1. Looking only at segment 67-115, which residues are among the small types (Gly, Ala, Ser), part of a loop (DSSP other than H, G, I, E, B) and modelled with pLDDT under 75?
2. Among residues belonging to segment 14-42 that are open to solvent by 50 Å² or more (accessible area, probe 1.4 Å), in contact with a strand residue (DSSP E or B) (Cβ under 7 Å, 6 or more places away or on another chain) and not in a helix (DSSP H, G or I), point out the one that is nearest to Phe97 (Cα to Cα).
3. Find all pairs meeting these conditions: Cβ atoms under 6 angstrom apart; at least six residues apart or on different chains; first residue within segment 48-76 and closer than 15 Å to Gly10 by Cβ; second residue among the polar types (S, T, N, Q) and open to solvent by less than 70 Å² (accessible area, probe 1.4 Å).
4. Can we say Lys64 is open to solvent by 30 Å² or more (accessible area, probe 1.4 Å), outside any loop (DSSP other than H, G, I, E, B) and modelled with pLDDT under 80?
Amino acid sequence: MTETQTVADGITLTEEASSKVKALLEGEGRDDLALRVAVQPGGCSGLRYQLFFDERQLDGDVVKGYNGVNVVTDRMSAPYLAGATIDFVDTIEKQGFTIDNPNAQGSCACGDSFH
């Protein structure tokens, strides 16, 4: 089982995910960026996740740190992401970040959006 750590307003970041984020930031030579996790309208199921590096701080942001990684969630996205787990997988079939969200009632076949 993957060891996890709770971060930004109820989001859980696995050890694998935090290590990958840290490695990507080190590769960019930037220590001023945070991992922003947001929910935006779009996709075939209504809402889609966004994960990106951000240097901005917005009013109402929730910022938590873990293992040298700052995770930021805006106040509008936080209710949709409470209890979600972000992991990083690297297998023959799939490589990338995954989000397991108990708030998602359903998702599209590609897994990029939910409702």
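1. Pass one, segment 67-115, residues among the small types (Gly, Ala, Ser): 68, 77-78, 82-84, 96, 104, 106-107, 109, 111, 113.
Cutting the leftovers down to part of a loop (DSSP other than H, G, I, E, B) gives us 68, 77, 82-84, 104, 106, 109, 111.
Matches in segment 67-115: Ala104, Gly106, Ala109, Gly111.
2. Filtering first and then ranking leaves Gln40.
3. Note: pairs meeting the criteria are Val62/Thr73; Tyr66/Ser18.
4. Working: open to solvent by 30 Å² or more (accessible area, probe 1.4 Å): yes; outside any loop (DSSP other than H, G, I, E, B): yes; modelled with pLDDT under 80: yes.
Yes, satisfied.
The values are calculated or read from the model by the stated rules, or taken from the named source; none is laboratory data. Computed from a prediction, not measured in an experiment: that's the story for all the values here. Cβ sites come from the backbone with ideal geometry, for glycine too, and all protein chains shown count toward neighbours. In case anyone asks, the SASA skips ligands and DNA or RNA and just uses the protein heavy atoms, side chains included. Shrake-Rupley method; radii C 1.70, N 1.55, O 1.52, S 1.80 Å.
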